[in-house]
1. I'd like to check which helices (runs of 4 or more DSSP H) are fully inside the range B:1-103 and have at least 1 residues that are under 30 Å from residue A:112 (Cβ atoms) and out of contact with any helix residue (DSSP H, G or I) (no Cβ under 6 Å at 6 or more places or on another chain).
2. Go through (1) more than 22 Å from residue B:238 (Cβ to Cβ); (2) crowded, with 18+ Cβ neighbours inside 10 Å; (3) at pLDDT 90 or above; (4) in the same structural domain as residue B:150 (by TED's automatic domain parsing) for residue B:71 and report which single condition fails.
3. Can you name the number of the only condition in (1) more than 30 Å from residue A:280 (Cα to Cα); (2) within 12 Å of chain A (Cβ to nearest Cβ); (3) assigned to a helix (DSSP H, G or I) that residue B:107 fails?
4. Among the candidates B:61, B:18, B:43, single out the residue that is surrounded by 18 or more Cβ atoms within 10 Å (Cβ to Cβ) and at pLDDT below 95.
5. Taking the conditions exactly as written (in contact (Cβ under 8 Å) with a residue 24 or more places away in the chain and surrounded by fewer than 22 Cβ atoms within 10 Å (Cβ to Cβ)), does residue A:190 satisfy them or not?
6. Does the range B:128-135 contain at least one residue that is in the same structural domain as residue B:67 (by TED's automatic domain parsing), more than 23 Å from residue A:278 (Cα to Cα) and in contact with a helix residue (DSSP H, G or I) (Cβ under 8 Å, 6 or more places away or on another chain)?
7. For the range A:1-113, list the helices (runs of 4 or more DSSP H) that sit wholly inside it and hold at least 2 residues that are in contact with a strand residue (DSSP E or B) (Cβ under 9 Å, 6 or more places away or on another chain) and modelled with pLDDT of 95 or more; which are they?
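The values are calculated or read from the model by the stated rules, or taken from the named source; none is laboratory data. Please read these numbers as outputs of a predicted model, since none were measured by experiment. Using ideal geometry, Cβ is built from the backbone for each residue, glycine included, and neighbour counts are taken over all protein chains shown.
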């Protein structure tokens, strides 16, 4: 570490001899300092994050008793076995399907959009990026609520349909509504990493490809897409993982027929009072997230 | 990427139309929501003339005011705590090597990427099972409410602050710190007069991010809140499930305005001092 070197310099100037022991002691002191700086946050996260996570893990092996309580004695895999039952399995499959569909739609819409942003003049580009950032950070609940108002009975969308003569239509509480909400909620998560990686690509690669008589499609397929792959992977993970566990969007825009993983987990805790099943599902969700991240880092991604 | 290669006319047209439609998609719902919050009509889909009534109703509704107050308190406290802890951890990770550093680094990333619902469940189990133990141990009388909400918000905000401050430290030349040390400044003085002013935009950016996320959260808060006190988003979430009213419209617009104001402040900060939202790295502007 640089700090260690400067420290040694002082001592050399003062005339002391730098022995290996001294160097080791200095290193240890450095290490101690670093540890003490990290300690408050470290301790906090162990108590209020790692410990709760461990509790969820333990509960996923527990048994629900007849009174809706949870017995910790007699650990078993019952809760995990329950995930294979048709009801739960269907919910898992539906959630995975919607999350994949959402990722695909966001990618299809977001890629050309990110490319468009990246090829603007710097000034225009900065303004446009700010315009993407605003909905990205604007209150998530409110953004979902806006669609609830728009899609509802007598809502704006329905009125427009009626005005055009297509008859009033209500999309609220259907999977279409959930899908719209998910795309709306997570599209910026896709656009920003895509933009970052497309923007970084040197134009001369694309020019070289065109100079060598590649068509526009070939240039996209063989040059642009591979070079922007980190952004594609990062964006896809950033969209897939939260939409798999989405809770707010389906609760506001979806109906009873479109129960997704997030809502199902919450129900297990609040109304069904089957904590072990809820805990095991939460853990499965985390495992999926972990797997997605491992894929990402294997692909050479550095930061999300 | 400067776009010297423009592609065919058709491609360009498609790209422009796509971009226009996406901007419309992103902004139309927000703009309509704001517009209809001033509509003097109980039916939220129909325009009924301009009015401020719903905002007045928001101001007079005690439950909403209480929830807003809890939200502000939670946001301020969780931000203060997580800024201190997050900045310290960023310094430790960027400037020192110590035993357990890798594990700490990993642990610090988890709250950012964990699904909301999983974290919510963690907090529910932790507080419903652990609160009694904590109370017995310290002789406290805590119930679920302001404190527990704040604790869980700090648990995810430390990580966000740490990432933003780290990005700042990473891009910072250590030359000034070394110069200060060479001139016999103590570690504390070096930190106070050299490092801190340099990372200040990062710290401020992290703080703004923490406030925004704290005010945004629904799921984790819902699971760590008690029956008595809850935050504005959670209260509004409960209202929305019962139906759509002009009062919720007005409340939503206020929440939206607060979050957009925070974004604009952090973007201004980014322009002046240069911190990066979410610590995402991008190359220096080459114009």
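1. Counting at least 1 such residues, we get B:9-36.
2. With respect to (1) more than 22 Å from residue B:238 (Cβ to Cβ); (2) crowded, with 18+ Cβ neighbours inside 10 Å; (3) at pLDDT 90 or above; (4) in the same structural domain as residue B:150 (by TED's automatic domain parsing), residue B:71 is out only on (1).
3. (1)
4. Criteria check complete, one pass: B:18.
5. So residue A:190 fails the test.
6. no
7. By residue number, no helices (runs of 4 or more DSSP H) qualify.
Quick grid of which residues meet (1) at the interface with chain B (Cβ under 10 Å from one of its Cβ atoms); (2) crowded, with 18+ Cβ neighbours inside 10 Å:
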{"residue": "A:225", "(1), (2)": "no, no"}
{"residue": "A:229", "(1), (2)": "no, no"}
{"residue": "A:233", "(1), (2)": "no, yes"}
{"residue": "A:279", "(1), (2)": "yes, yes"}
{"residue": "A:286", "(1), (2)": "yes, yes"}
{"residue": "A:289", "(1), (2)": "yes, yes"}
